[in-house]
Amino acid sequence: MTGVFGVVFSSIFGSNASLATIIIAMFPLFELKGAIPVGMSVEFWGENALSSSQAFICSLLGSCLVV
């Protein structure tokens, strides 16, 4: 199942995990709880995966942009 999500994310966002994390955090269904694990996922992003602090900052930024 993660292979399908990885293909979808890579086709939409390329290798830009930070942009994907910001955009995913903007949706009320996912917010921070869904965006942080996706941004840190090595299965999706490989070597472009974010660290925990980078994923938190990007997801917090995306969540605040909506407000």
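For the stretch 18-27, a residue qualifies if it is of a type in the set (A, V, I, L, M, F, W, C), open to solvent by less than 40 Å² (accessible area, probe 1.4 Å) and in contact (Cβ under 8 Å) with a residue 40 or more places away in the chain, and exactly one does: 22. If only residues of the stretch 1-17 that are open to solvent by 80 Å² or more (accessible area, probe 1.4 Å) and part of a helix (DSSP H, G or I) are counted, the one that is nearest to residue 66 (Cα to Cα) is 12. Of all residues assigned to the stretch 35-42, at least one qualifies as being more than 10 Å from the chain's Cα centre (by Cα) and either farther than 19 Å from residue 7 by Cα or assigned to a helix (DSSP H, G or I) (or both).
The values are calculated or read from the model by the stated rules, or taken from the named source; none is laboratory data. Note that the coordinates shown come from a computational prediction; the quantities given were computed from them, not determined experimentally. Note that each Cβ is placed from the backbone with ideal geometry, even for glycine, and that neighbours are counted across all protein chains shown. Ligands, DNA and RNA are excluded from the accessible area calculation, which covers all protein heavy atoms including side chains. Shrake-Rupley method; radii C 1.70, N 1.55, O 1.52, S 1.80 Å.
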